[in-house]
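A.B. asks: My questions all concern the structure below.
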Protein chains: 2
Amino acid sequence: MGVRGPAGVVRSSTELGGDPIDLTRTSTPPIPERTCLRIGIIASIAHRTPPRGYGPWEQVASTLAEGLVALGHDVTLFATADSITSARLHAEALHGYEEDPGVDAKVYEGLHIAAAFERAGEFDVISNQFDFLPLTYSRLVSTPVVTTIHGFSSAAILPVYREYDDVGHYVAISDADRHPDLGYEATIHHGIELSGFTYRPDPGEHLLFLGRIHPDKGTHLAIEVARRAGLPLVIAGIVQDKAYFRDLVQPHLGRSGVTYAGPVGPAERDALLGRAVALLHLIGFAEPFGLSVVEALATGTPVIARPLGSMPEIVRHGRTGFLVDDIAGAVDAVGRIGSLSRQDCRDDVDARFTAERMVADYAELFSRIVAGGPSAANRSRRSGTSTTANRTEASLAP
Amino acid sequence: MGVRGPAGVVRSSTELGGDPIDLTRTSTPPIPERTCLRIGIIASIAHRTPPRGYGPWEQVASTLAEGLVALGHDVTLFATADSITSARLHAEALHGYEEDPGVDAKVYEGLHIAAAFERAGEFDVISNQFDFLPLTYSRLVSTPVVTTIHGFSSAAILPVYREYDDVGHYVAISDADRHPDLGYEATIHHGIELSGFTYRPDPGEHLLFLGRIHPDKGTHLAIEVARRAGLPLVIAGIVQDKAYFRDLVQPHLGRSGVTYAGPVGPAERDALLGRAVALLHLIGFAEPFGLSVVEALATGTPVIARPLGSMPEIVRHGRTGFLVDDIAGAVDAVGRIGSLSRQDCRDDVDARFTAERMVADYAELFSRIVAGGPSAANRSRRSGTSTTANRTEASLAP
């Protein structure tokens, strides 16, 4: 996934006067012309798409773009210039703003989002995998915008989602993450490329923590559980909270078998996941989705998680892992991990969390929305205060 | 200025099906129907418009809105809900984000700018007094957008101005602030409401520093000049750089006649300015414009400034102040300040820096741009990288 050069692109839209369909590049037969959609995908530009290491939003945008191209859709990915995709790539920023201090986040977010909307007329639908800011451009175009809400970073961003609820075509990434104030078109769980994760039938000998090192993710709880369970612990991921790492993680490194592998790329990630006894996912917040949880299951490694946010939707308690309330429960779960079948873990991902399933869900949703006719764009705004007694409806392209 | 309620508005546009022209509210005869423009003004939402204290961008937006309403134009001001204006007010944020921690800057900047562009069809022209972000929406509407560039906070924002150079209708606030890469419609110096500044023919006995307390503004140089000149110094303004204030300003307070008045509102500002011997404006950066310099001159107080940025355009060396290179030059200038006529200072503001002149300049520019026909909106973008060989031009409202 995501390693083909941008030249190897399937084009099937006659509206763009493009080349004939390239049948040599992919074994997937193109879908009939009439159901081929012209799709613009707005990725986050914090990182490259797909990300080298951390970057779940970019990962999902990449998986979606590759999958839609494979289905024969005409996909333009708006992402950083160093991104790798088989879709058409449109880039404003050379690199992700988290990866290059020369890229000003506010400046390039604006240019990046504007670029997609300025080309809106070329697309049947825009998939917003970015966050709330593209919504503020969405009423200015008639192309429907489908916004995947990758969780609410804070309650402060809710006013934007509320304001564009009527045109936002929101997708939740778990039922648990649905906000009661908003309307949703669908819940679409993330999916992963199974081929990127090696199934290993035999459990390894270490416990694993994989994720941002941050109190929300419970790195310190994983350390305590491993200590009590008497098993080594490998910690992998970016340090998001430096003080937390320094005070509650670093003092344990090299003692009681606790090691820190740093941020890991795909190959090392696959190996660490597959060679673990269990993934310890003792989160302290309602996580909207947990890609690393699905990835662990894909390698056959069960997950011990707290039952917060999306966890009950992803982990089948007693079958692909255990949902536990506290440290004692987690230690007990480690003791019972041998009762679970690693094959069951893999099979559950195969059934519910593949890229193919995710892409099919999005493709079906996009088709349904496009078939629904013109979007609700240009509807009058509902909020804001105005002293204009007879506010005329905005006619945006007179 | 800015104290009339929003109900007292001149409306003369038949296109909005409005009330008859209200001749009772203002002594300014309304301009003929055909020259009345429907103008949207996007103010900054860091502060209320007009600002209670610091807030030069909001001040200019307010002065412009009031002046255009007085000329009979149909003006909608996009600003915070607590703003005071005789234009129509459209607000998304209750308060300025610098004044209310409950207002998330990114969220409300997006909602605020989007609101103006979603109503673009109601306006003949949009005056962007905000910064670069509105430009990224400007190609999505056909209403021309005239962007006043209130200086470049950093070189990082230049890519946006370059990208929208063809449609941005840029206004420089001084010739000195024109960037060589950009095209401009005009330079329009800021103007102030002369009635808000009392002319005082007799000089006071203190030197004055008025502005953000920051190394750029040379507060520490003003202290040294006052010490050497043997005159008291009053410092007024917000502390923008806390460490600088603590290390280089605070130790001098209460000694050698140096006092700190804090941030000051309009009345205290007027009194401090008018009762000064001179304003010390020993800036260390190319200041795009200096509202406090013009305000000092309006009260009759000459200005001692370094010849950077807009200063040579504002201060007439040897007539309304002195342009000096260093501390010794500034001390020498204080000694010669009595050779200047305070009336000359006032007269120069009356001739060149009134709100009426600024508003007339903008009104003339807006009329010229509107008469020029449809804007260049929807022109194809020039930058960004794309793998689409034959990029089609964006058709934004298919």
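The values are calculated or read from the model by the stated rules, or taken from the named source; none is laboratory data. This is a predicted model, so every value here is computed, not measured. Neighbour counts are summed over all protein chains in view; Cβ atoms, including those assigned to glycine, are modelled from backbone coordinates with ideal geometry. Note: accessible area is taken over every heavy atom of the protein model, side chains too, but ligands, DNA and RNA are not part of it. Shrake-Rupley method; radii C 1.70, N 1.55, O 1.52, S 1.80 Å.
A.B. asks: Determine whether residue B:260 is outside any helix (DSSP H, G or I) and of a type in the set (Ser, Thr, Tyr). Show your work before the answer.
C.D. replies: Numbers: outside any helix (DSSP H, G or I): yes; of a type in the set (Ser, Thr, Tyr): yes.
Taking the combined requirement at face value, the residue satisfies it.
A.B. asks: Continuing with this model, one more query. Restricting attention to the stretch A:56-74, which residues are out of contact with any helix residue (DSSP H, G or I) (no Cβ under 9 Å at 6 or more places or on another chain) and either in a loop (DSSP other than H, G, I, E, B) or within 17 Å of residue A:265 (Cβ to Cβ) (or both)?
C.D. replies: A:58, A:62
A.B. asks: Would you mind stating whether residue A:248 is modelled with pLDDT of 95 or more and under 29 Å from residue A:176 (Cβ atoms)? Can you show your working first?
C.D. replies: Details: modelled with pLDDT of 95 or more: yes; under 29 Å from residue A:176 (Cβ atoms): yes.
Against the criterion (modelled with pLDDT of 95 or more and under 29 Å from residue A:176 (Cβ atoms)), residue A:248 qualifies.
A.B. asks: Yes or no: the stretch B:148-164 includes at least one residue that is free of Cβ contacts under 8 Å to residues at least 40 places away in the same chain and among the basic types (Lys, Arg).
C.D. replies: no
A.B. asks: May I ask you to verify whether residue B:136 is open to solvent by less than 10 Å² (accessible area, probe 1.4 Å), touching a residue at least 24 places away in the same chain (Cβ under 8 Å) and assigned to a helix (DSSP H, G or I)?
C.D. replies: Values: open to solvent by less than 10 Å² (accessible area, probe 1.4 Å): yes; touching a residue at least 24 places away in the same chain (Cβ under 8 Å): yes; assigned to a helix (DSSP H, G or I): yes.
When the stated conditions are applied, residue B:136 passes them.
A.B. asks: Looking only at residues that are out of contact with any Gly (no Cβ under 9 Å at 6 or more places or on another chain) and part of a loop (DSSP other than H, G, I, E, B) in the stretch B:100-111, which one is nearest to the other protein chains (Cβ to nearest Cβ)?
C.D. replies: In this case the residue turns out to be B:104.
A.B. asks: Taking the conditions exactly as written (under 21 Å from residue A:353 (Cα atoms) and either at pLDDT 95 or above or assigned to a loop (DSSP other than H, G, I, E, B) (or both)), does residue A:185 satisfy them or not?
C.D. replies: On the way: under 21 Å from residue A:353 (Cα atoms): yes; either at pLDDT 95 or above or assigned to a loop (DSSP other than H, G, I, E, B) (or both): yes.
The answer is yes for residue A:185.
A.B. asks: Any chance you could count how many residues in the stretch A:75-99 are within 10 Å of chain B (Cβ to nearest Cβ) and not in a loop (DSSP other than H, G, I, E, B)?
C.D. replies: Matching residues across the stretch A:75-99 total 7.
A.B. asks: Restricting attention to the stretch B:67-79, does a residue exist that is open to solvent by 40 Å² or more (accessible area, probe 1.4 Å) and at pLDDT 95 or above?
C.D. replies: Yes; the residues of the stretch B:67-79 include at least one that is open to solvent by 40 Å² or more (accessible area, probe 1.4 Å) and at pLDDT 95 or above.
A.B. asks: In the stretch A:146-183, what residues are closer than 21 Å to residue A:56 by Cβ and of a type in the set (Val, Ile, Thr)?
C.D. replies: Within the stretch A:146-183, A:146, A:147, A:148, A:149, A:157, A:160, A:171, A:173 qualify.
A.B. asks: Only one of A:156, A:172, A:176 is out of contact with any Ser or Thr (no Cβ under 7 Å at 6 or more places or on another chain) and not assigned by TED's automatic domain parsing to the domain that holds residue A:281; which?
C.D. replies: So the residue among A:156, A:172, A:176 that is out of contact with any Ser or Thr (no Cβ under 7 Å at 6 or more places or on another chain) and not assigned by TED's automatic domain parsing to the domain that holds residue A:281 is A:156.
A.B. asks: Identify, by number, the condition in (1) closer than 30 Å to residue A:354 by Cα; (2) open to solvent by 10 Å² or more (accessible area, probe 1.4 Å); (3) at the interface with chain B (Cβ under 9 Å from one of its Cβ atoms) that residue A:121 doesn't meet.
C.D. replies: Residue A:121 satisfies all of (1) closer than 30 Å to residue A:354 by Cα; (2) open to solvent by 10 Å² or more (accessible area, probe 1.4 Å); (3) at the interface with chain B (Cβ under 9 Å from one of its Cβ atoms) except (1).
A.B. asks: Whether any residue in the stretch B:164-173 is in contact with an Asp or Glu (Cβ under 9 Å, 6 or more places away or on another chain) and surrounded by fewer than 16 Cβ atoms within 10 Å (Cβ to Cβ) is what I want to check.
C.D. replies: No; the residues of the stretch B:164-173 include none that is in contact with an Asp or Glu (Cβ under 9 Å, 6 or more places away or on another chain) and surrounded by fewer than 16 Cβ atoms within 10 Å (Cβ to Cβ).
A.B. asks: Further, regarding this structure: Within the stretch B:112-130, track down each residue that is under 16 Å from residue B:48 (Cα atoms) and either assigned to a helix (DSSP H, G or I) or among the charged types (D, E, K, R) (or both).
C.D. replies: B:112, B:113
A.B. asks: Give just the number: which of (1) at pLDDT 95 or above; (2) away from chain B (no Cβ under 14 Å); (3) farther than 28 Å from residue A:211 by Cα does residue A:60 not satisfy?
C.D. replies: Condition not satisfied by residue A:60: (3).
A.B. asks: Determine which member of the set A:261, A:236, A:278 is crowded, with 19+ Cβ neighbours inside 10 Å and out of contact with any Ser or Thr (no Cβ under 8 Å at 6 or more places or on another chain).
C.D. replies: It is A:236.
A.B. asks: To continue, here is another question. Spot the failing condition for residue A:146; the list is (1) touching a helix residue (DSSP H, G or I) at 6+ places or on another chain (Cβ under 9 Å); (2) farther than 27 Å from residue A:292 by Cα; (3) not charged (D, E, K, R), and only one is missed.
C.D. replies: Among (1) touching a helix residue (DSSP H, G or I) at 6+ places or on another chain (Cβ under 9 Å); (2) farther than 27 Å from residue A:292 by Cα; (3) not charged (D, E, K, R), residue A:146 violates only (2).
A.B. asks: Please identify the pairs in which a residue from the stretch B:325-338 that is in the same structural domain as residue B:232 (by TED's automatic domain parsing) has its Cβ atom under 6 Å from the Cβ atom of a residue that is in a helix (DSSP H, G or I) and surrounded by fewer than 16 Cβ atoms within 10 Å (Cβ to Cβ), counting only partners at least 6 apart or on another chain.
C.D. replies: Short answer, once both residue conditions are applied: B:331/B:228.
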